[in-house]
1. Might you let me know whether the stretch 53-61 holds any residue that is free of Cβ contacts under 8 Å to residues at least 24 places away in the same chain, outside any loop (DSSP other than H, G, I, E, B), under 21 Å from residue 188 (Cβ atoms) and out of contact with any helix residue (DSSP H, G or I) (no Cβ under 8 Å at 6 or more places or on another chain)?
2. Go through the stretch 236-280 and count every residue that is at pLDDT below 75 and farther than 23 Å from residue 363 by Cβ.
3. Quick one: is residue 355 modelled with pLDDT under 90, assigned by TED's automatic domain parsing to the domain that holds residue 406 and surrounded by fewer than 23 Cβ atoms within 10 Å (Cβ to Cβ)?
4. If I go through the stretch 83-98 residue by residue, how many of them are touching a helix residue (DSSP H, G or I) at 6+ places or on another chain (Cβ under 6 Å) and touching a residue at least 24 places away in the same chain (Cβ under 8 Å)?
5. Out of 39, 51, 95, report the one residue that is outside the structural domain of residue 372 (by TED's automatic domain parsing) and over 18 Å from residue 173 (Cβ atoms).
6. Looking only at the stretch 30-42, which residues are buried (at least 23 other Cβ atoms within 10 Å of the Cβ) and part of a helix (DSSP H, G or I)?
7. Answer with yes or no whether residue 193 is over 14 Å from residue 31 (Cβ atoms), modelled with pLDDT under 85 and outside any helix (DSSP H, G or I).
């Protein structure tokens, strides 16, 4: 068919994107709990550590929208990803070289902004390689490789920190970013594949333009146009509620385990992190494929429904060893959320040149929800107990499910209508028979 063409990436580029996700997840793992342990080993107080981590969190939140807009503005998405990875290398080197206030704060700021460019840049590369029609499958594959990378990196960095030094974790983080740059260089895509081609009736090929609009030189929606889109606003509210329920849950459960359990605490907490990653690796491709067939809303409802169930189980069960099987539900939620956020962004803004800006807005929503979650859950737990706090998190999760069920529109329909319209244009304007 002349109008609806889909990108056909080389096997080398597909595999390179797999490895890019793997090594980027390696690198990002180094900026997790290892920072707190490293700074504590250099006599930082808990208040000082909390301040440093807050600087990173605030930097990430402030950078979400500018980072997405910057990626939209750059034609070369590989360059955007490369600069972000280099900034993360610089952040790791700063942390490793001097655990003092100025380098640590600078590293947190650099890492916050770089991450907010790297995430949309990688999503844009996936869109460029496979097109919107096949984006769900590709995002599921991205999530699988990222989960495997996170699990492998956690093990390597744990061993490195235990048997070498806490500082060595960040040298390893910087080293693991180098293969990410190699994998990025191996990705090839046609930057002009989205250029409209003439049809028999003289009209431009809308399907090709829509498929790769994130890379096109076409007029883009303004930020205010995007903010008036009901689909974007509704899903942003769903994202806030999702993280309001999810962000504090494991921290609250881990604190309860630490208080009520003597031996094997670290092993239980480590298992609570690794088990969901395994579930994400197993389920993410299924989530991507199913969202293409069922639509976005049924998959969202399935993933979001795990949140209130998990919170209620944490509230009802006191056995610390029960945390690990309960955390399998976190894997389900994480698999769905990780695939659906960039996929829905493509549905909403992928054909309007604002795909990465939309991802940034959803990322900002996630940051707001997570910040409120940890603050409110901690306050409620201190004043009313952990059980009440878990019930509050369950209520937020239930509200997220209801919003998806009752308010969230099905965003896949826009892509289907677009495809049908393009087929109609190719056939000379005749609508397909009912």
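The values are calculated or read from the model by the stated rules, or taken from the named source; none is laboratory data. These numbers were taken from a predicted model, which means no experiment stands behind them. Methodologically, a virtual Cβ is constructed for each residue, glycine included, from the backbone with ideal geometry; neighbour enumeration extends over all protein chains shown.
1. So the first thing to find is which residues in the stretch 53-61 are free of Cβ contacts under 8 Å to residues at least 24 places away in the same chain, and the list is 54.
Subset that is outside any loop (DSSP other than H, G, I, E, B): 54.
With under 21 Å from residue 188 (Cβ atoms) added as a condition, the list becomes none.
No, every residue in the stretch 53-61 fails to be free of Cβ contacts under 8 Å to residues at least 24 places away in the same chain, outside any loop (DSSP other than H, G, I, E, B), under 21 Å from residue 188 (Cβ atoms) and out of contact with any helix residue (DSSP H, G or I) (no Cβ under 8 Å at 6 or more places or on another chain).
2. Filtering the stretch 236-280 for residues at pLDDT below 75 gives 251, 254-273.
Keeping just the survivors that are farther than 23 Å from residue 363 by Cβ gives 254-272.
Looking only at that region, the number is 19.
3. On the way: modelled with pLDDT under 90: yes; assigned by TED's automatic domain parsing to the domain that holds residue 406: yes; surrounded by fewer than 23 Cβ atoms within 10 Å (Cβ to Cβ): no.
No.
4. Residues flagged as touching a helix residue (DSSP H, G or I) at 6+ places or on another chain (Cβ under 6 Å) and touching a residue at least 24 places away in the same chain (Cβ under 8 Å) within the stretch 83-98 amount to 10.
5. On the way: 39 fails: over 18 Å from residue 173 (Cβ atoms); 95 fails: over 18 Å from residue 173 (Cβ atoms).
Testing whether each residue is outside the structural domain of residue 372 (by TED's automatic domain parsing) and over 18 Å from residue 173 (Cβ atoms) leaves just 51.
6. Of everything in the stretch 30-42, those that are buried (at least 23 other Cβ atoms within 10 Å of the Cβ) and part of a helix (DSSP H, G or I) turn out to be 35, 38.
7. On the way: over 14 Å from residue 31 (Cβ atoms): yes; modelled with pLDDT under 85: yes; outside any helix (DSSP H, G or I): yes.
Yes.
Per-residue answers, yes or no, for (1) more than 17 Å from the chain's Cα centre (by Cα); (2) touching a residue at least 60 places away in the same chain (Cβ under 8 Å); (3) closer than 18 Å to residue 249 by Cα; (4) surrounded by fewer than 21 Cβ atoms within 10 Å (Cβ to Cβ):
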| position | (1), (2), (3), (4) |
| --- | --- |
| 283 | no, no, no, no |
| 292 | yes, yes, no, yes |
| 315 | yes, yes, yes, yes |
| 332 | no, no, yes, no |
